[in-house]
Every structure is written in structure tokens, then in C-alpha cells.
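Every read-out reported here was derived from the displayed coordinates using simple, explicitly stated rules and does not represent laboratory data. Bear in mind the structure is a predicted one, so any value in this text is a computation, not a measurement. Cβ atoms come from the backbone with ideal geometry, glycine included; neighbour counts cover every protein chain shown.
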Ligand code: NAP
């Protein structure tokens with residue numbers, strides 16, 4: 001196995017498959033459409049939105065931007081979500097989070113139609129994941145981590161998998177996905193005692209702390225496989241993963257790079273699930 005677990009080839013394969021399926025759908029007048037619900041003008045949201053627009057363009061998928069003021073009330077946003085739920089031309093919906101503090105985010109998550117919830121934020125879809133049912137939508141970031149492991153033939157059965165993140169977006173659903181592959185997950189966080197020991201005992205370490213280059217040799221062994229989900233600004237003013245990639249790539253057994261790693265296939269998998277939703281709706 002190559003030490004650098006790049007997702008570039010996997011991304012290409014996924015993209016070719018998506019484009020061919022979208023062509024088949026479009027020929028019959030069934031082009032999938034993603035609605036992006038954005039609240040306010042957060043630069044990170046705008047940047048993600050731009051990348052989705054670009055992907056939509058490349059894959060032949062329609063992307064509709066729905067932008068509301070960040071002064072919108074919970075009731076107002078709920079109505080917007082219901083409009084998109086009831087719009088038959090919309091296949092899937094993604095809404096950027098976190099929402100402004102005055103909005104009841106849980107209520108909005110409960111409002112999205114589970115059939116259009118391509119980013120898997122509805123409690124109904126998350127409950128499926130926690131029941132070990134992976135037949136519906138999966139949250140894109142942990143899904144991308146699992147896809148990379150699968151692509152490189154890394155069988156998780158009987159393996160210890162340490163996940164440094166306990167959020168609902170990554171750590172918790174990922175632990176369920178690992179269980180689904182008969183691995184033994186350990187969820188770590190900022191209060192974990194002796195993180196070094198837990199990580200050294202793991203076969204696979206998935207990290208998403210957002211602490212640039214904080215994962216160093218001392219936490220790992222030569223047999224470690226590292227999936228780096230973190231993206232944050234390093235001391236050098238450059239975006240970096242959680243792992244000190246340049247140093248670790250010659251030390252560990254396998255590691256994802258920051259560019260061409262998990263992030264590269266996250267939105268591709270979101271689009272893949274959108275196309276799947278359209279296909280399912282026609283069955
Ligand atoms: P988050 O909710 O703040 O989660 C960070 C996690 O790291 C928390 O569970 C936190 O523990 C833990 N942590 C922080 N410092 C730690 C330490 N010193 N030791 C052990 N655990 C520590 O952030 P998030 O939204 O999940 O995002 C995390 C990172 O992933 C960010 O860099 C983000 O940009 C990146 N991300 C990437 C993608 C992608 O597609 N590549 C997608 C989503 C997020 P506590 O719970 O105890 O605070």
C-alpha cells in the first residue's frame with residue numbers, strides 16, 4: 001500500500017459514474033436538482049456554495065441557491081424549508097450549519113424531508129445510521145473517510161479505530177459506520193485521558209480536531225493509518241490538516257494528504273447521494 005492515501009483516483013471514478021448516471025437521467029428529462037439553503041453571508045458557506053455550483057456544472061446537475069437574511073426567524077426558515085420540501089423539482093437540499101444562534105437549529109433539522117436530506121442532518125436519517133442501517137443517506141464527511149479506507153482495501157474487521165472528534169457531523173456517525181464494518185471504534189475528545197496511548201493502540205486514527213499539525217509522530221506508530229479530516233490555519237498562515245503530513249508520510253503506514261484527501265471527495269459523495277435520490281424517486 002502506498003503511504004499516501006490520495007483520493008484523486010477515487011474522485012475520478014466517482015465523478016465518471018455520476019456524470020454517466022446524470023446523462024441517463026437527463027435524457028429522460030429527470031435532471032437532479034440540489035437546493036442550497038444559505039442563511040446570511042458567512043464566507044465559509046459562500047466558498048462551499050461556490051464549489052457545489054462548480055461541481056453541479058461539471059456533472060450536469062442543477063443547483064439552486066436559496067439565500068435568506070441572517071435576521072430570519074426560526075418560523076421563517078421553517079417555511080423556506082417546507083417550500084423546498086414541497087417543490088417537486090428539487091431532488092435534494094443542503095443547508096449550511098451552524099445557523100445563527102437565535103434560530104432553533106434542531107427544529108429546522110427536523111423539518112427537512114428525509115427523502116431530500118442528502119447531507120443526512122434529519123434525526124430520522126441519523127437514527128438509521130445509529131441503528132446500523134446504511135441504506136439511506138450518509139453524512140458526507142464520515143462517509144468520505146470510510147470510502148478512502150475501502151478504496152485502499154483496509155478491512156476494519158477486528159481493527160481498533162480511534163476517532164478524535166465527538167461531533168454529530170463526524171465522530172459519532174463515523175463510529176457507527178466503523179461498527180457496521182465490525183471494527184472497534186473509540187471516540188476521543190478534548191477530555192480524553194492519555195490520548196497518546198489510545199492513538200498508539202489504534203490501527204486506524206481518524207482525526208478532526210481543527211488543530212493544525214498537532215498530530216505528530218509521538219502519538220503514532222509505524223503501523224498507524226491516519227485519515228486526516230481537519231482543516232485549519234497553521235502558524236505559517238497556510239491551511240493545514242491536523243496531521244504533520246510532511247513528517248508523517250515517511251513514518252506511518254498510510255496517511256491522507258490535505259489536498260486530494262477526505263475533502264476532495266466529500267462534496268462528490270453528496271452529489272452521488274443526490275443522484276441516487278433522483279434514481280430512487282423514479283423507481
Ligand atoms: P468541532 O465540533 O469543534 O470538533 C472538534 C473535535 O475535536 C471536538 O470533539 C473536540 O473535543 C476535539 N478536540 C479538540 N482539541 C482536542 C485535543 N487537544 N485533544 C483531543 N480532542 C480534541 O469541529 P468540527 O466541525 O467537527 O470540525 C473539526 C475539523 O474538521 C475542522 O478542522 C473542520 O474544518 C474539519 N472538517 C472537515 C471536513 C471535510 O470535508 N474535510 C468536513 C467537516 C469538518 P470536545 O468535543 O471535547 O471539544
**Prompt:** Anyone know which of 68, 229, 161 comes out most mobile in the 10 Å Cα GNM of the chain?
**Reply:** 68
**Message:** I'd like the orientation of helix 262-281 relative to the chain: the angle between its Cα long axis and the longest Cα principal axis, in ° from 0 to 90, rounded to 10.
**Reply:** 40
**Prompt:** If you count the DSSP beta bridges with both ends in the chain, what percent of them are antiparallel, to the nearest 5?
**Reply:** 5
**Message:** What is the distance in Å between the Cα centroid of segment 1-59 and that of segment 188-238?
**Reply:** 28
**Prompt:** Once label points are set 7 Å from the Cα along Cα→Cβ at both residue 83 and residue 47, what is their separation, rounded to one decimal in nm?
**Reply:** 2.9
**Item:** Helix 43-59 vs. the chain, principal-axis angle (Cα, 0 to 90°, nearest 10)
**Value:** 70
**Fill in**
Quick note on 91, 186, ordering by fewest other C-beta atoms within 10 Å, gives 186, 91
**Asked** Pairing the Cα long axis of helix 8-27 with the longest principal axis of the chain, what angle in degrees results, from 0 to 90 and rounded to the nearest 10?
**Response** 20
**Fill in**
Shape descriptors of segment 140-263 over alpha-carbon atoms, Rg and Dmax in angstrom, are 13.0, 40
**Asked** Looking only at 224, 214, 122, which one moves most when the chain is put into a Gaussian network model with springs between Cα atoms under 10 Å?
**Response** 214
**Item:** Least to most buried among 272, 87 (fewest other Cβ within 10 Å first)
**Value:** 87, 272
**Complete:** Computed, not fitted: 222 nm per-residue ellipticity of the chain from DSSP H runs ≥ 4 (each -39500 (n - 2.57)), nearest 500, equal to -13000 deg cm²/dmol
